[in-house]
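Worksheet: one structure, shown below.
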Amino acid sequence: MASGTKDAAQVIAELTATNANLREQIRSLEKTLWKRDHPVLRRALSVSDVMRMKKETYPFEGAWEEAFGRPEKNGVWFVWGNSGNGKTSFMLQLCKALSHFGRVAYDSLEEGASLTMKNALMTAGMQDVARRFVLLDRENMQLLSARLGKHKSPDIVVIDSFQYTKMSFKDYEAFKERHANKLLIFVSQADGNKPAGRTAVSVMYDASLKIFVSGFRAISKGRYFGSKGYYTIWEERANIYWGETKE
């Protein structure tokens, strides 16, 4: 009889503990649902609040400022264009200009450390900024993300080209969020005047600076513009393409 009483007591204790655990789970679920239905809203900003904000920018000068003004640091830039229009040359010239403001890594997923890339580096005079520029030879996005997470990692990274990353838009958003303290510049193949592929188009719309390379000019398509709105990559070829050759 005592044994039976003991067994019943154990069952009651176990049921009591189970009920307590269930009550705790219910309370936790209720809190979660309450937070979902009662989101904490951030304070709306007045015009004066926005005007007082100090934003770090890249202090471009000369031709760079005339093309793109002084864009805000970090975030995402997106560059696209068809082959043979000076896209790689532009990217290396841009890297050289940006190297004055931070360390730059160029992840060449498409060309890698090929002879054509070597020649392009030489033509752009990248030896002049060798201490602030590195070329990554087809480093996949997982390895690149690990690199960017390390201490003293590059401040600016070029990913060329977006199509070779195999990223979905969700992958892109996660990568951007993970490295919000970097400037991420995605280079894309083109389909006519638009980036090639639906995901690339979505990333282009999300980017803060959009640059279309055509006829040896890099043309700002938003959201930053200078007095000209374009950067000339190769003046002689650009003049021929755009019909501006002087007689």
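What follows draws every value from the coordinates through simple rules; no lab data is involved. Note that the structure is predicted; figures quoted are calculated from it, not measured. A quick note on method: Cβ atoms are made from the backbone with ideal geometry, for glycine too, and the neighbour counts reach across all protein chains shown.
Of the beta bridges DSSP finds with both residues in segment 112-218, what % are antiparallel, to the nearest 5? So the antiparallel bridges amount to about 45 percent of the total. Which label belongs to the value computed from this structure, given these candidates for volume of the Cα convex hull per residue in Å³: (i) 217; (ii) 118; (iii) 152? Identified label for the calculated read-out: (i). Charge tally around Gly75: other residues with Cβ under 14 Å, Lys/Arg +1 each, Asp/Glu -1 each, net +2.
Look at the alpha carbon pairs under 8 Å that are at least 6 residues apart: their mean separation over the length of segment 1-109 gives a relative contact order of 14 percent.
Of His100, His179, His151, the sequence from fewest to most neighbouring Cβ atoms within 10 angstrom is His151, His100, His179. Length available on full extension from Asp37 to Lys228: 0.36 nm per residue minus the Cα-Cα distance, which gives 63.9 nm. Taking amide H as placed 1.01 Å from N in the peptide plane, the amide H of Leu136 sits under 5 Å from that of Tyr106, Asp107, Ser108, each at least 5 places away or on another chain. Exposure proxy shown here: for Trp34, Trp80, Trp234, the number of other Cβ atoms within 10 Å sets the order, fewest to most, as Trp34, Trp234, Trp80. Taking amide H positions as modeled 1.01 Å from N, with prolines and chain starts lacking one, the residues under 5 Å from Asp191 and 5 or more places away or on another chain are Ala196.
Overall size of segment 34-179 from C-alpha positions, given as principal axis extents largest first: 59, 36, 34 Å. In terms of packing, defined here as the mean over residues of other Cβ atoms within 10 angstrom, the peptides 81-94, 64-77, 162-175 line up highest first as 81-94, 64-77, 162-175.
Please report the antiparallel percentage of DSSP beta bridges with both residues in segment 62-241, rounded to the nearest 5.
Percent antiparallel among DSSP bridges in segment 62-241 is about 25.
Calculated over segment 1-41, the projected area of the Cα convex hull averaged across directions stands at 2.5 nm².
As a length-normalised measure over Cα pairs under 8 Å and 6 or more apart, the relative contact order of the chain settles at 26 percent.
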